[in-house]
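*Asks:* The structure's right below; bear with me while I get my questions together.
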């Protein structure tokens, strides 16, 4: 298992809270200088908004908190490999480092799918660290969808 | 020039209004059954939000208006080829048809860049109609960035 720190714990706490609300259990936090600037779990159902993924909400909240749309020198921790939409938003926000837990071969866009950060239309790529607590994050998602199918 | 209709006019009106506010002049509308459900120009500066592209805002407003995050049978008109983030959001919202004006080789993700709708990680692709009033939309953007460089 890769090294972890308290920020990935905070992302997992957001993922668990999302699951308890009946949302897909994915969580994210944006961190700068050891401080969490924005945190969120998935809220697509509650907000009736397909764009309300944890990463997008955490970025929007962090930008609001600091009064700047660009989050230079900030890092993002998320429990699942970002999708195509979120990978691009992370790039636009100028996130410095991206840490994520589970890989997502079906919908991911960092090491799967369009691999956005390796493309010529990507104008800022974060450093990427993946696989941190991967099994735990994957099990959380599997459990959620299994429960949904059974009910 | 391709056939146009009043909905692309409405997208251009949003683009012009965005330019007048000092935002990048791009506009979008979401339409269903001949009715505009959501309209927006780019608002990244005003909202301090890198995700506040015209398409994202128009989709969010349309979803709020109809009370459903999925905009089945709705069409989206936008003055520029959607970027990677917006192309994915359009897919998630289940937009039926996407009409856009100018192509964007540098940042687009439909016929340029990652060509998201042709990828295995894209689970819903809209029908795409592009090049409608292309020169007009491209000139609007060129004029905006030229004025910015001169001031």
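Where a number appears in this text, it was derived from the coordinates with a stated rule and is not lab data. In this text the structure is predicted, and so the values were computed from the model without any measurement. Reconstructed Cβ throughout: ideal geometry from the backbone, glycine too, with neighbour counts over all protein chains shown.
*Asks:* Fewest to most neighbouring Cβ within 10 Å: what's the order for B:104, B:73?
*Replies:* Working: B:104 21, B:73 11.
Least to most surrounded, the residues fall as B:73, B:104.
*Asks:* Starting from the Cα of residue B:68, step 7 Å along the direction of its Cβ; do the same at residue B:123; then give the gap between the two resulting points in nm.
*Replies:* 1.8
*Asks:* Once you have a ≥ b ≥ c as the square roots of the Cα gyration tensor eigenvalues for segment A:70-120, tell me rounded if a/c is under 1.5, and otherwise prolate or oblate according to whether a/b is larger than b/c. The partial results should precede the final answer.
*Replies:* On the way: a/c = 2.30, a/b = 1.36, b/c = 1.69.
It is oblate, given that a/c is not under 1.5 and a/b is not larger than b/c.
*Asks:* If you fit an axis through the alpha-carbon atoms of helix B:134-150 and take the longest principal axis of the Cα set of chain B, what angle between them do you get, 0 to 90°, nearest 10?
*Replies:* So the helix axis and the longest Cα principal axis differ by about 40 degrees.
*Asks:* Here is a follow-up. Give me a single rounded figure for A:119-130: the average over its residues of other chain Cβ atoms within 10 Å of their Cβ.
*Replies:* Numbers: counts 4, 5, 11, 4, 2, 0, 0, 0, 0, 0, 0, 0.
Taking all residues of A:119-130 together, the mean is 2.
*Asks:* Now for a different question. Which Cβ of chain B lies nearest the axis of the rotation superposing B onto A, and at what whole-Å distance?
*Replies:* B:114, 2
*Asks:* Here's another thing I want to ask about it. In whole Å, how far is the Cα centre of segment B:3-56 from that of segment B:137-151?
*Replies:* For segment B:3-56 versus segment B:137-151, the Cα centre distance is 17 Å.
*Asks:* Return a whole-number percent for the relative contact order of segment A:1-145, with Cα pairs under 8 Å and 6 or more residues apart as the contact set. Could you put the intermediate results ahead of the total?
*Replies:* Numbers: 330 pairs, mean separation 30.1, N = 145.
Worked out over segment A:1-145, it gives 21 percent.
*Asks:* Relative to the longest principal Cα axis of chain A, at what angle does helix A:54-66 sit, 0 to 90 degrees, rounded to 10?
*Replies:* Tilt relative to chain A: about 40 degrees.
*Asks:* Something else: Past the 38 angstrom mark, what percentage of all C-alpha to C-alpha distances in the protein assembly as shown do you count? Provide the component values of the computation, followed by the final result.
*Replies:* Working: 4857 of 45451 pairs.
When all Cα pairs of the protein assembly as shown are counted, 11 percent exceed 38 Å.
*Asks:* Another question about this same structure. Run lengths n ≥ 4 of DSSP H only: what is the helix-derived mean residue ellipticity at 222 nm for chain A, with -39500 (n - 2.57) per run over all residues, to the nearest 500?
*Replies:* Values: 5 runs with 58 residues, N = 151.
For chain A, the value works out to -12000 deg cm²/dmol.
*Asks:* Taking each label point as 7 Å beyond Cα in the direction of the beta carbon, state the distances from residue A:118 to the same residue in the other copies, shortest first, in nm.
*Replies:* Distances to the matching label points in the other copies: 1.8 nm.
*Asks:* Taking 45 Å as R0, compute the FRET efficiency from the Cβ-Cβ separation of residue A:21 and residue B:142 and round it to 0.05. All intermediate terms of the calculation are to be shown ahead of the outcome.
*Replies:* Values: r = 46 Å, r/R0 = 1.02.
For residue A:21 and residue B:142, the calculated efficiency is 0.45.
*Asks:* From other protein chains only, count the Cβ atoms within 10 Å of every residue's Cβ in B:50-60, then give the mean. Present the calculation step by step, with values, prior to reporting the outcome.
*Replies:* Numbers: counts 14, 14, 3, 3, 0, 1, 6, 1, 0, 3, 6.
Whole-number average of other-chain Cβ neighbours for B:50-60 is 5.
*Asks:* In what sequence do A:99, A:117 fall when counting other Cβ within 10 Å, fewest first? Don't jump to the answer; show the numbers that get you there.
*Replies:* Values: A:99 26, A:117 20.
Arranged by neighbour count, lowest to highest, A:99, A:117 become A:117, A:99.
*Asks:* Another one. Taking only Cα atoms of chain B, what ratio of Rg to Rh do you get with Rh as the Kirkwood inverse-distance radius? Mind dumping the intermediate values first?
*Replies:* Working: Rg = 14.3 Å, Rh = 15.1 Å.
Value, to two decimals: 0.95.
*Asks:* Could you pull the copy-to-copy label distances for residue B:13, with points set 7 Å along Cα to Cβ, in nm to one decimal and sorted shortest first?
*Replies:* List, nearest first: 4.8 nm.
*Asks:* Let me ask you something else. Let me confirm one metric for peptide A:88-101, namely the mean number of other chain beta-carbon atoms within 10 Å of its residues' beta-carbons.
*Replies:* Working: counts 15, 11, 2, 4, 9, 3, 1, 0, 0, 0, 0, 0, 0, 0.
That works out to 3 on average.
*Asks:* Then there's this: Roughly what angle does helix B:6-20 make with the longest principal axis of chain B, taking Cα atoms, 0 to 90 degrees, to the nearest 10?
*Replies:* 40
*Asks:* Which of A:103, A:124 has the fewest other C-beta atoms within 10 Å, and how do the rest follow up to the most?
*Replies:* On the way: A:103 17, A:124 14.
Listing A:103, A:124 from fewest to most nearby Cβ atoms yields A:124, A:103.
*Asks:* When each copy gets a label point 7 Å from Cα toward the beta-carbon at residue B:135, what are the spacings between them in nm, shortest first?
*Replies:* 6.4
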